[in-house]
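What follows is a single structure, written as structure tokens, with notes after it.
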Amino acid sequence: MRALRLLEWKSEPLLTEVDEPTPGPGQVVVRIGGAGACHSDLHLMDEFEAGVVPWNPPFTLGHENAGWVHALGAGVTGLEVGQPVAVYGPWGCGVCARCRLGIDPYCENPADAPVPGGGGGLGLDGGMAEYELVPDARHIVPLPDGLDPVQAAPLTDAGLTPYHAIRRSWPKLPPGSWAVVIGVGGLGHVGVQILKATTAARVIAVDTRPEALRLAEEYGADLTLLSGAETADEIRRITGRGADVVLDFVGADPTLRLGAAVARTVGDLTIVGIAGGTLPVSYFSVPYEVSIQTTYWGSRPELIEVLDLGARGLVRPKVTTFALDDANTAYQRLREGSLEGRAVVVP
Ligand code: NAD
Ligand code: ZN
């Protein structure tokens, strides 16, 4: 079968021929119906080098996958060949307390996981291929009626990651509150929809690209702002007292500064983007009791919840599809900022 593989750090991935996987005991092979192209993959291929993460190339890219059950390993029950499924992407050890709770990203025995702190497309072979081997059937989540794999794929990361980040801030988003979304790309445009679908907050979306702001507006942002020198002042003027929750889907120096400048007393500043910016913090540099936190992906129960929002049409990723042959074009478009929403590769 064909697969888009990262063969070494700081290189362009190559479409190559590899053996079709066969499932061992307890494993499942998924025929891929959609594999999302995440900005994290650009960090991987453009910036990462040995030692940044505890795994190395070569591996097949694609950590945001959905499709149909293709083959079941010995002992796997409760799934049927042909059934539409999503792949829960973070793969922990499976036996520690957190994995048993379905929170694999924070696995307590990463050394015993299939790959420490990663998953398919992040150290192990992912979904930018005709088939993906999923090493444990517990990572297979059946799709609810009404959701196809092309829509479901982005929900497994571009949906799950903002859902997790927003969910932990729910108590701070009652009617009358303000949420600020910085960066309305793959994750951010789903984040805007999740805020509107699950909270009563008013949403301000900020981006450097007018097209991204148009998308935010289409998905229900109450206000959109092109980011610039005046953005923090504008947000303070509009909200009166600052934002209850800021979600930074970029994580660069200027966006972190903006987040810290607009967060309200007892607000949350949640850093999701991994652009590598830093934010000097001291006691009086942010309002009292602002929580500054990072998030990593989300839990399996949260994936089930976000798929439900997708199936009910409350959250609809804006998808542009690409053939596997054109996967590198999808990444190039993501890199140059000429995509709206998410690119999904359909092998
Ligand atoms: P994307 O490229 O689709 O979207 C990024 C958006 O941010 C774009 O719309 C871009 O125009 C905008 N942007 C860039 N610089 C900006 C600035 N200075 N001010 C305002 N807007 C700006 O990327 P994505 O796939 O949505 O991923 C976003 C980030 O989240 C990446 O860093 C990615 O690696 C990271 N990520 C983190 C997790 C996690 O678990 N923490 C999971 C997935 C992705
Ligand atoms: Zn990702």
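The values are calculated or read from the model by the stated rules, or taken from the named source; none is laboratory data. Everything numeric here is computed off the predicted structure, so don't read it as measured data. Glycine also receives a Cβ, built like all others from the backbone with ideal geometry; neighbour counts cover every protein chain displayed. We work out accessible area using only protein heavy atoms, side chains counted, and drop any ligands, DNA or RNA first. Shrake-Rupley method; radii C 1.70, N 1.55, O 1.52, S 1.80 Å.
Laid out as a table, the results:
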read-out	value
Dipole axis of the range 103-241 (+1 Lys, Arg; -1 Asp, Glu on Cβ), positive-most option in A179, V192, L143	A179
Relative pair counts by distance (%), Cα atoms of the range 211-314, 10 Å bins	13, 38, 35, 14, 0
Most mobile listed residue (G26, G298, G94) in the chain, GNM with C-alpha springs under 10 Å	G26
Protection proxy ranking of 212-221, 147-156, 316-325 - average other beta-carbon atoms within 10 Å, highest first	147-156, 212-221, 316-325
Per residue, the convex hull volume that the Cα atoms of the range 139-290 enclose (Å³)	124
Net lengthening on full extension, E218/W55 (0.36 nm per residue, minus Cα-Cα)	54.7 nm
Å² per residue, accessible surface of the range 214-347 at 1.4 Å	47
Sum of side-chain charges, R100 neighbourhood, beta-carbon under 14 Å (Lys, Arg +1; Asp, Glu -1)	-1
Whole-percent carbon and sulfur share, accessible surface of the range 103-168, 1.4 Å	49
Span per principal axis, largest first, for the Cα atoms of the range 1-104 (Å)	41, 36, 21
Summed residue charge, Cβ within 14 Å of T255's Cβ, Lys/Arg positive, Asp/Glu negative	-1
Value of relative contact order over the range 1-97, rounded to a whole percent, pairs C-alpha under 8 Å and six or more apart	32
Percent breakdown of C-alpha pair distances by 20 Å bin, ordered from the shortest bin, for the chain	32, 58, 10, 0
Burial ranking of peptide ranges 27-36, 185-194 (average Cβ count within 10 Å, highest at the top)	185-194, 27-36
Residue with peak Gaussian network fluctuation, the chain [Cα springs, cutoff 10 Å], from W178, W68, W55	W55
Residue-normalised accessible area of the range 19-73, expressed per residue, 1.4 Å probe, Å²	36
DSSP bridge pairs, the chain: antiparallel proportion in percent, nearest 5	50
The chain, helix-only ellipticity at 222 nm - DSSP H runs n ≥ 4, -39,500 (n - 2.57), divided by all residues, nearest 500	-7000 deg cm²/dmol
Surface share of carbon and sulfur [accessible, 1.4 angstrom probe, percent] for the range 174-230	52
Per-peptide average of other Cβ atoms within 10 Å, ordering 330-337, 255-262, 244-251 highest first	244-251, 255-262, 330-337
Net charge of Cβ neighbours under 13 Å - reference D112; Lys, Arg +1; Asp, Glu -1	-2
Percent accessible area from carbon and sulfur atoms, the range 40-88, protein chains only, probe 1.4 Å	54
